[in-house]
Amino acid sequence: MRVGVFGASGYAGLELLRLLLRHPKLEISVVTSEQRAGQPVGEAFPALRGRLDLAFDAAEPERLASRMDLAFTALPHAASAPTVAVLREAGVAVADISADYRLRDRAVYEAWYGPHGHPELFGKAVYGLPELYRDQLAGAQLVACPGCYPTSAVLPLVPFLRAGLVETAGIVIDSKSGVSGAGRKLDAGFLFAELDENAKAYKVADHRHAPEIEQEASVAAGKPVQVTFVPHLLPTVRGILTAVYCRPTQPVSTARALALLQEAYADEFFVRVLPEGETPTLASVRGSNFCDVAAIADERNGTLVLLSSLDNLVKGAAGQAIQCANLMAGFPETEGLLETAFLP
């Protein structure tokens, strides 16, 4: 299957190229970059020299659509919708990594992102979290790949909401991300001298991923769920560590909580439930499509702590998009994604 990558010079786009180059059934036929149009990929990014004999195109979906069967759109929020609309009109299947089609309520989308560029497609995408929507992803033509933070929060939390074992109010989500999650851009806050040996919370209770987390949590619970979401920036390139704090609706031990996670993800290759006493680390998932999850019951205080780790560029973006594309195309779900974490 011929695939195009729109926004291929960003961090998520480059990660798509890295992963797609070893996929046996997906052939990269188009790569776009507005800033690098006309420049050979290997010249712009020497790590890809000799691996991809293509030059960047300008993002002109009308002209490029005939050269691909499926497109990955790794474009900025709001900029993605027009490209997706043109590609779908041309019959190209799309796995979109932006937020333009993740939310189901248009009013919620516009409150956080502004007017939607192509509302005729709004609400028609399948939410691209395979562990929750696998059946809908099979054969889908438009998939909205989740945000990295929502993936890290939803995977450990959903089994407990589905089982009614945690209260739907008072949930606190504390996430810490590597700087690549902010994308490739010039900003004083992301300079090495500002970030090294430093860490900070940002967009506290005001991050755009909060409504996405609430959307999927509410589906799992069968009623509205509200969360307090606090993201932090870590002085590292890759990875997200998330801790979810919630109140059990009945006494829950660590053993029981882990058993519930193990039951929920027993057949999921990319979600690993850690044994009691072990907590997720960035090193164990860096460069891979795995999400490690764990649970600890603080019975003394009546709090359940749910933990996760993932690579924000892989399971949080490019790897998950390829996982979705495999399901869309009818390929084995793990195709091209059987990579262990970087060691060391």
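Here are some notes:
- Scanning the stretch 254-270 for residues that are in a loop (DSSP other than H, G, I, E, B) and either surrounded by 14 or more Cβ atoms within 10 Å (Cβ to Cβ) or touching a Phe, Trp or Tyr at 6+ places or on another chain (Cβ under 9 Å) (or both) yields a count of 4.
- Count of the stretch 271-287 residues which are surrounded by fewer than 14 Cβ atoms within 10 Å (Cβ to Cβ) and in contact with a Ser or Thr (Cβ under 7 Å, 6 or more places away or on another chain): 1
- Positions within the stretch 34-69 being modelled with pLDDT under 95 and of a type outside the set (S, T, N, Q), in sequence order: 34
- Those helices (runs of 4 or more DSSP H) lying entirely in the stretch 141-242 with at least 2 residues hydrophobic (A, V, I, L, M, F, W, C), within 25 Å of residue 256 (Cα to Cα) and touching a residue at least 24 places away in the same chain (Cβ under 8 Å): 148-162, 209-221
- Test: residue in the stretch 105-113 that is crowded, with 23+ Cβ neighbours inside 10 Å, modelled with pLDDT of 95 or more and hydrophobic (A, V, I, L, M, F, W, C): no
- For the stretch 160-171, the count of residues that are within 17 Å of the chain's Cα centre (by Cα) and hydrophobic (A, V, I, L, M, F, W, C) is zero.
- Qualifying residue in the stretch 288-298 (condition: of a type outside the set (Val, Ile, Thr), part of a strand (DSSP E or B) and surrounded by fewer than 17 Cβ atoms within 10 Å (Cβ to Cβ)): yes
- Here 205, 199, 264, 257 are screened, and the one residue that is under 23 Å from the mean Cα position of the chain (by Cα) and under 21 Å from residue 169 (Cα atoms) is 205.
- Of the candidates 160, 190, the single residue that is in the same structural domain as residue 241 (by TED's automatic domain parsing), at pLDDT 95 or above and in contact with a helix residue (DSSP H, G or I) (Cβ under 7 Å, 6 or more places away or on another chain) is 160.
The values are calculated or read from the model by the stated rules, or taken from the named source; none is laboratory data. A quick note: this is a predicted structure, and the numbers were derived from the prediction, not measured. Reconstructed Cβ throughout: ideal geometry from the backbone, glycine too, with neighbour counts over all protein chains shown.
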